[in-house]
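Structure, as structure tokens:
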Amino acid sequence: MGVIEVDVARFLQDLHALRAIGAAGVGKGVVRPAYSKADIAARDWLAVRMRDAGLAPVFDDMGSLFGLASGRSVLLGSHTDTQPEGGWLDGALGVIAALEVARASREAGGPPVSVVSFQDEEGRFGVTTGSAVWSGVLSAMQAAQLQDKDGVILDAARAAMGARLGARVYPARFSAFVEMHIEQGPVLDQAGEKIGVVEAIVGIRDMTISFTGQQNHAGTTPMALRRDAFQALSAFNSVINDRFRNIVTPDTVWTIGFVELHPGAHSIVPGRVRFSMQWRDGDAERLARMEAVIRETAEEIASEMGMALELGDMLGIEPVAMDAELRNVLAVAAEGEVPGKWRHMPSGALHDASNVAGLMPAAMLFVPSIGGISHAFDEDTDEADLVTGLQVLARAVSALG
Ligand code: HGY
Ligand code: MN
Ligand code: MN
């Protein structure tokens with residue numbers, strides 16, 4: 001057969017319908033964290049769209065939603081949960097593009113295509129939690145006990161999905177996985193290019209660290225006698241930035257994105273700080289060297305500043321190369337659609353494809369992000385670029401069939 005003919009209007013309509021579920025009311029922003037009411041409503045909406053497309057919708061134990069084609073099929077998809085302040089395309093684009101390609105392929109008598117929306121890709125509880133469990137990177141028992149930043153346990157949160165849960169979806173029914181996604185960085189936008197074919201996805205390490213000093217009066221406690229938890233965090237941050245200089249490359253990133261200072265009042269010397277420490281790189285050895293610096297520095301600061309130190313469990317995903325043959329299929333499809341206006345590139349963001357790559361050949365396709373902005377309400381992509389991505393995906397799947 002030729003290239004599967006997608007219905008662009010239907011694709012855009014679905015993409016905007018999904019955006020309306022959990023719409024933040026700020027620009028096109030969306031708030032749909034894993035297992036929230038909006039997340040579950042989005043999954044229920046998607047299950048209906050899957051059924052309408054001739055796919056059998058099932059939820060696994062984690063709440064990942066699969067729309068299954070009969071027989072052996074290509075699996076396409078991403079995730080529909082979002083960050084606490086999320087954009088409308090991060091995850092949603094890959095799922096709705098998958099739905100359209102599956103639907104169009106079925107109508108045209110093309111290859112069978114299944115669709116997935118993995119649960120908790122955005123890591124309310126872990127790191128790409130749903131696909132990590134599906135692919136065996138994380139045990140179901142470990143996952144059940146993961147806590148979000150407010151101390152809610154995953155097992156309690158997923159109870160909101162109730163009787164939906166429980167299907168077993170065997171990876172052997174799928175021949176390959178392709179995830180389309182926005183780039184979430186500036187490279188394609190700055191270069192004026194339309195498509196990125198992902199070579200590899202960086203690795204990540206993530207842990208929670210606490211310093212506990214002494215809560216005290218902000219007026220009467222002399223500076224020399226303070227055991228101020230904020231000062232410990234401030235010193236830790238400045239020392240690791242300095243020490244990392246000898247280890248990192250310009251592509252290495254690290255982030256303290258969550259900080260909880262206790263009790264958080266103008267007139268109290270803070271007694272405790274709990275914060276996230278996350279670092280990413282394409283080289284597993286470098287990630288390990290950074291971990292050693294983080295642990296040593298935290299211990300040094302704690303002992304110098306009279307703090308009790310708690311280092312939480314470390315979560316991580318290894319750097320993963322995408323499947324060479326599938327990458328080639330995507331490259332040919334990109335060249336066919338936008339000759340000379342695409343590139344091979346690494347992914348600095350994490351994706352479900354990292355986990356799925358352990359089960360079957362997996363690859364990824366990027367479209368540009370305006371201004372490189374993502375994990376923010378103002379994340380966006382030109383409509384024409386969304387459509388180009390869809391067309392490239394359809395070409396690639398046609399070639400796979
Ligand atoms: O954080 C990430 O890279 C992904 O969007 N969860
Ligand atoms: Mn994503
Ligand atoms: Mn994301």
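The values are calculated or read from the model by the stated rules, or taken from the named source; none is laboratory data. What you see is a predicted model; the values in this text were computed from it and never measured. When we count neighbours, we look across all protein chains shown, and the Cβ atoms used for this are built from the backbone with ideal geometry, even at glycine. The protein model used for the area step is the full one, side chains on, heavy atoms only, and it has no ligands, DNA or RNA in it. Shrake-Rupley method; radii C 1.70, N 1.55, O 1.52, S 1.80 Å.
Out of 109, 67, 94, report the one residue that is on the phi > 0 side of the Ramachandran plot and either buried (at least 24 other Cβ atoms within 10 Å of the Cβ) or assigned to a loop (DSSP other than H, G, I, E, B) (or both).
109
Any residue that is out of contact with any strand residue (DSSP E or B) (no Cβ under 8 Å at 6 or more places or on another chain), of a type in the set (Asp, Glu), surrounded by fewer than 21 Cβ atoms within 10 Å (Cβ to Cβ) and part of a helix (DSSP H, G or I) - is there at least one of those in region 142-154?
No: region 142-154 contains no residue that is out of contact with any strand residue (DSSP E or B) (no Cβ under 8 Å at 6 or more places or on another chain), of a type in the set (Asp, Glu), surrounded by fewer than 21 Cβ atoms within 10 Å (Cβ to Cβ) and part of a helix (DSSP H, G or I).
Residue by residue, here is whether (1) open to solvent by 50 Å² or more (accessible area, probe 1.4 Å); (2) within 16 Å of ligand 3 (Cβ to nearest atom); (3) touching a residue at least 60 places away in the same chain (Cβ under 8 Å) holds:
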residue	(1), (2), (3)
339	yes, no, no
360	no, no, yes
363	no, no, yes
374	no, yes, yes
378	yes, yes, yes
387	no, no, yes
393	no, no, yes
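Can you tell me which residue within region 40-91, out of those that are within 22 Å of residue 398 (Cα to Cα) and within 16 Å of ligand 3 (Cβ to nearest atom), is nearest to the chain's Cα centre (by Cα)?
Ranking the qualifying residues of region 40-91, first place goes to 78.
Exactly one of these conditions fails for residue 336: (1) over 25 Å from residue 192 (Cα atoms); (2) small (Gly, Ala, Ser); (3) at pLDDT 95 or above; (4) away from ligand 2 (no atom under 16 Å from the Cβ). Give me its number.
Tallying (1) over 25 Å from residue 192 (Cα atoms); (2) small (Gly, Ala, Ser); (3) at pLDDT 95 or above; (4) away from ligand 2 (no atom under 16 Å from the Cβ), residue 336 fails exactly one: (1).
Would you mind listing the helices (runs of 4 or more DSSP H) fully within region 283-401 where at least 1 residues are away from ligand 1 (no atom under 16 Å from the Cβ)?
Of the helices (runs of 4 or more DSSP H) lying wholly inside region 283-401, those with at least 1 residues that are away from ligand 1 (no atom under 16 Å from the Cβ) span 284-305, 324-337, 383-400.
Mind checking which strands (runs of 3 or more DSSP E) fall wholly inside region 191-282 and carry at least 1 residues that are within 30 Å of residue 177 (Cβ to Cβ) and open to solvent by less than 20 Å² (accessible area, probe 1.4 Å)?
Where strands (runs of 3 or more DSSP E) fall fully within region 191-282 and carry at least 1 residues being within 30 Å of residue 177 (Cβ to Cβ) and open to solvent by less than 20 Å² (accessible area, probe 1.4 Å), they are 195-201, 203-212, 272-281.
With the requirement that a residue be more than 23 Å from residue 77 (Cα to Cα) and either of a type outside the set (Asp, Glu) or touching a residue at least 60 places away in the same chain (Cβ under 8 Å) (or both), what does region 128-153 give you?
Correct list: 141, 142, 144, 145, 146, 147, 149, 151, 152, 153.
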